[in-house]
Structure formats: C-alpha cells, structure tokens
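Remarks on the structure that follows.
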Amino acid sequence: MNFRSILGKSPSVGFRDALFRGIAPDGSLYIPEELPALPFSFLTGVENRTLHEIGFRVTSAFIDEIPPADLQGIVHRAWDFPIPLVKLEDGLYLLELFHGPTLAFKDVGARFMAHALSFFLAQERRRLFIVVATSGDTGSAVAHGFFNVPHITVFILYPSGKISTLQEQQMTTLGHNIYALEVEGTFDDCQQLVKQALADPDLTRAHNLTTANSINLGRLIPQIAYYVWAAARFKLELQQVEVHKDLSERPVIAVPSGNFGNLTAAAYSKSMGNPIGRLVAATNENSVVPDYFRSGLYSPRPSRQTYSNAMDVGNPSNFVRIQALYNYNLHRMKNDISAVSISDDETLAEIRRTYEQAGYVLDPHSAVGVAAARAVRREADRSASAIVTATAHPGKFPDVVAKALNMQIPLPLPLQEALNRPKMSMCIRAEYPAWKEILLQHTS
Ligand SMILES: *Cc1c(COP(=O)(O)O)cnc(C)c1O
C-alpha cells in the first residue's frame, strides 16, 4: 500500500517513508492511495475477535513493509490495556479509550508510532532524535509512548508555567531517553524552536531528526481499529443483552474532535466496510467545522480556550483528509457526517445530566461528544443507537468536574504516581543558539 500527498506534488511513498517524514515534501499530508476493504470473512464473526486481532487486521491492511510477526509485536505493545464499551442508557454507549498510561486516547497512536519507528531503526542501525513542542497533552502521550523505546531519544519543549502541574509531572519525571526542556516563553516559542531545528542543515545533515505530531500516519492508522472494535463490541451487546433488537443495526458514532484525527479514523473505517452509521463531529466552541457545514465557508481562525482544552483547535490539521475522502464535496460529506458545536455551559450541563441519570462521571471532552450525540439523536435518528468515544479519564480534569458536580473525584493512580516522582527538566531561554547547542551535544 502506498500513500500519496494530498497536493500531489511529491511522489507517493510506502509506509516507512510516510512514517519518518510525517509531512510530504510538498508540505501537504499523506493519505492512503486507496482504502483497503475489510473482507466479508473478517467482518462476519468480528464480534468474537480480540482487540489484538482487530488491531493487526486493520494495520496490516495498510502496512506491508513490516513482516507480520513484527507487526503483531507492535500491535501487542500498543494495545496493552482494555477498551470497554459501556452502556450509559438505552441506545447510548461510551467507548472508553482512556485506559492507557496517560489516561487519554492518544496513547495507542503514540505507542504504535514509537514502536513502528523503532522497528525500522533497528534494521537500519540508526538512532532517531525526536523534537516536539507541546502545550500539554501531546507531550505526555509522546513521552510515555516513546519511553524506553530502543533507538530513539525524545526532546519535549514546553512553555514554563503555562501547563498544569499534572501535565508537567507526566512528561518531566520519566527520564531515560526522554528529555524535558522548560522554555521561558510561550507555546508558540516552543514550536518556533522545533521548526528552526528541523530546518537547520547543521543538525539535519549529520543527524536523524524529526517530530511526532498528530498528522503522522503512524498515529492515525492504528486509530482506525478503535472503530472496528466499537462496531464489534456493539454487535456482541446486541446479541447478548439487547436480544430483541435488530442485529444489523449500525450505530451512530460521535467523536469529540479537535484536530480531527480521530474522526478521520472513524470515517476511514466506514469506507473500509465497517458497519457503522452516521458520524458526529463534536466540537467545543471552536466551531470551524460545524460553521462550515452550515454556511459552506471554511474559515480557520485562532483557537479559543474552553473546558475541553485538548480540542481547542482553530485550524484542524486533519480536516483536509476528510475533505479528500469525500472528494471535496460538502454535500456528500453531510450525507455521512453531522457536525455539532457544544458550548462550555452545555458541557457542564452534560456532565451534570449524565451523572444524575446514569451515575457516570464524564470528562469535559467526552461530555462534548455525549451532548452532540444526544442532539443528533433528537433531531434525526431518534431510534438509532449511538456510541460516543470517551477520549479522557475525568480524573485528569478535576477542576471542571468539580465545577459541574460540586465534588472532588480522586486522582487516578498513574497521576498520583506522576505527582510523587521528582521533576527532571532543563530550563532554557527561548533562544535558538542554546537549544541548538543542547541538540548538538546529544546527537554527536
Ligand atoms: C487530542 C484529544 C481530542 C481531539 O482529538 P483529535 O483527533 O485531535 O480530533 C479529544 N479529546 C482528548 C482528551 C484529546 O486529548
């Protein structure tokens, strides 16, 4: 399987090159040349497959440059925690994607990418240096995903004093091959330092330097498996619990969205034959996509801060992949996808409602998804079941949950442990020469 650049001004490449480059030389994103179909023989009986079987089936449909036995190993290391489907109420389910080490859905993608890179590096006897700028959550997923992975060293740049203590502890306390650099500046300064390093011939000539952001196919492809797994679990639920229901029902899938990677994965799975119904793009007040669906005008703008801050994106980088999938045809896109924007007040109200009705504590991101799913079911598919991807553990957002429910929820164990470990970070000014010196010391 090859991957082509969306602009089409760079040649198509295999998985390895797409993985190492991240972005095509013409500056656009890589997309699959075609989406492989999941065979009928696999989809019948999919409800009896394990998460690893589904993960392998999906990733091997795209990746032919890693031998099956090695790909199996990568799949096993990426998914070493459960992904339960939880029933909230009749017709409304949550797919809990937050049981990984950083308690958010990005863990699987980050780990899959790390181990896939490591596989190729071992073959080529090279070491890779990864530089990332983070405003919080990506940093911890990358730190944990790449921690102790052979042949890779990671530098994470974050703005000093501008992220939460919890986020900081999650990425500064691992050590080993993970270096945290505390930059006296803003997130934009961090991003600038990363860009300068990636464009500096002194560094790139001699060393193998790249970044690990959410547009990388190494993160996107494994996420497709979430939605095959969701449909499989749903089918099992219909068979075992909802015995009176139509066994061929296709559930609506609602995805809390920021950069739209997760929604792209859901849409890809559907095009591959995964039996799911309408997709719901659930955003917070950063409503570029819902506005586009309403007006036909796509106008990215600076992001605004909300309670669901991992979705505060004003220019969603993966949305162009969805446009390409639907041939840039808004009408076709709207036939498959609904887009709903949920305000901060509605987010708090949803956390309250779900707690009162089901005794379940939602995190603010998942609450945006649940509120959007309810809105779509009210308007269109009243009888259809819906699955909402729950993207984070509520314990990561104690302040918002306290605001909604007036109660403190206990900090989950992995976060307590992170708070108790000593912080190891290196303070630097937001000036390129000092940063370059650090990189040169490590890479030479
Ligand atoms: C990153 C993130 C999202 C948004 O996912 P995209 O793939 O960028 O749309 C939603 N919720 C949480 C908790 C996240 O960390």
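The values are calculated or read from the model by the stated rules, or taken from the named source; none is laboratory data. Quantities reported herein were computed from a predicted structural model and do not represent experimental measurements. Please note: Cβ atoms are built from the backbone with ideal geometry, for glycine as well, and neighbour counts cover all protein chains shown. Side chains included, ligands, DNA and RNA excluded: accessible areas come from the protein's heavy atoms. Shrake-Rupley method; radii C 1.70, N 1.55, O 1.52, S 1.80 Å.
Just one of (1) outside any loop (DSSP other than H, G, I, E, B); (2) among the aliphatic types (A, V, I, L, M); (3) without any contact (Cβ under 8 Å) to a residue 12 or more places away in the chain fails for residue 407. It is (1).
Taking the options 324, 310, 349, 339, name whichever one is under 30 Å from residue 62 (Cα atoms), open to solvent by 10 Å² or more (accessible area, probe 1.4 Å), assigned to a helix (DSSP H, G or I) and away from the ligand (no atom under 12 Å from the Cβ). First the steps, then the outcome.
Values: 310 fails: away from the ligand (no atom under 12 Å from the Cβ); 349 fails: under 30 Å from residue 62 (Cα atoms); 339 fails: assigned to a helix (DSSP H, G or I).
Going through 324, 310, 349, 339 in turn, the sole match is 324.
Return yes when residue 383 is open to solvent by 70 Å² or more (accessible area, probe 1.4 Å) and small (Gly, Ala, Ser) and no when it is not. Yes; evaluated as a whole, the condition is true for this residue.
For region 374-395, indicate whether the set of residues that are closer than 26 Å to residue 165 by Cβ and either out of contact with any helix residue (DSSP H, G or I) (no Cβ under 9 Å at 6 or more places or on another chain) or more than 14 Å from the ligand (Cβ to nearest atom) (or both) is non-empty.
Kept after step one, since they are closer than 26 Å to residue 165 by Cβ, are these residues of region 374-395: 390-395.
This time we only want the ones that are either out of contact with any helix residue (DSSP H, G or I) (no Cβ under 9 Å at 6 or more places or on another chain) or more than 14 Å from the ligand (Cβ to nearest atom) (or both), so: none.
Among the residues of region 374-395, not one is closer than 26 Å to residue 165 by Cβ and either out of contact with any helix residue (DSSP H, G or I) (no Cβ under 9 Å at 6 or more places or on another chain) or more than 14 Å from the ligand (Cβ to nearest atom) (or both), which makes the answer no.
Among what's in region 199-231 and is over 23 Å from the mean Cα position of the chain (by Cα), not polar (S, T, N, Q) and not in a loop (DSSP other than H, G, I, E, B), pick the residue that is nearest to the ligand (Cβ to nearest atom). Result: 203.
Return the residue satisfying two criteria in turn: it lies in region 164-194 and is closer than 18 Å to residue 417 by Cα and in a loop (DSSP other than H, G, I, E, B), and of such residues it is most open to solvent (accessible area, probe 1.4 Å). Residue satisfying both the conditions and the ranking: 176. Checked against (1) at pLDDT below 95; (2) surrounded by fewer than 24 Cβ atoms within 10 Å (Cβ to Cβ), residue 319 meets all criteria but (1).
With respect to residue 55, is the statement that it is at positive phi and under 23 Å from the mean Cα position of the chain (by Cα) true? Break it down into steps so the answer makes sense when it comes.
Values: at positive phi: no; under 23 Å from the mean Cα position of the chain (by Cα): yes.
No: the conditions fail for residue 55.
Quick one: what pairs do we get from region 159-182, first residue over 15 Å from residue 426 (Cβ atoms), second of a type in the set (S, T, N, Q) and buried (at least 19 other Cβ atoms within 10 Å of the Cβ), C-beta under 8 Å, 6+ apart or different chains? Hits for this filter: 162/135; 163/134; 163/135; 167/140; 170/102; 170/140. Per the conditions (1) more than 14 Å from the ligand (Cβ to nearest atom); (2) within 29 Å of residue 376 (Cα to Cα); (3) in contact with a helix residue (DSSP H, G or I) (Cβ under 6 Å, 6 or more places away or on another chain); (4) open to solvent by less than 20 Å² (accessible area, probe 1.4 Å), the sole criterion not satisfied by residue 85 is (4). Flag: residue 301 matches the condition of being surrounded by fewer than 15 Cβ atoms within 10 Å (Cβ to Cβ), more than 16 Å from the ligand (Cβ to nearest atom) and among the basic types (Lys, Arg). In region 146-170, the qualifying residues are those that are closer than 20 Å to residue 311 by Cβ and in contact with a strand residue (DSSP E or B) (Cβ under 9 Å, 6 or more places away or on another chain), and the one that is nearest to the ligand (Cβ to nearest atom) is 167. Being within 24 Å of the chain's Cα centre (by Cα) and either of a type in the set (Phe, Trp, Tyr) or open to solvent by 30 Å² or more (accessible area, probe 1.4 Å) (or both) is true of residue 23.
The residues of region 275-285 include none that are crowded, with 24+ Cβ neighbours inside 10 Å, assigned to a loop (DSSP other than H, G, I, E, B) and away from the ligand (no atom under 11 Å from the Cβ). Is region 219-236 home to any residue that is within 28 Å of residue 87 (Cβ to Cβ) and in contact with a His (Cβ under 9 Å, 6 or more places away or on another chain)? No, the conditions are met nowhere in region 219-236. Taking the conditions exactly as written (in contact with a Phe, Trp or Tyr (Cβ under 8 Å, 6 or more places away or on another chain) and in contact (Cβ under 8 Å) with a residue 24 or more places away in the chain), does residue 343 satisfy them or not? So residue 343 does not fit the description; no.
Residue-wise test of (1) open to solvent by 10 Å² or more (accessible area, probe 1.4 Å); (2) touching an Asp or Glu at 6+ places or on another chain (Cβ under 6 Å); (3) small (Gly, Ala, Ser).
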{"residue": "55", "(1), (2), (3)": "no, no, yes"}
{"residue": "67", "(1), (2), (3)": "yes, no, no"}
{"residue": "78", "(1), (2), (3)": "no, no, yes"}
{"residue": "92", "(1), (2), (3)": "no, no, no"}
{"residue": "99", "(1), (2), (3)": "yes, no, no"}
{"residue": "109", "(1), (2), (3)": "no, no, yes"}
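Filter region 244-263 down to residues that are free of Cβ contacts under 8 Å to residues at least 12 places away in the same chain and near the ligand (Cβ under 7 Å from one of its atoms), then give me how many there are. Count: 0.
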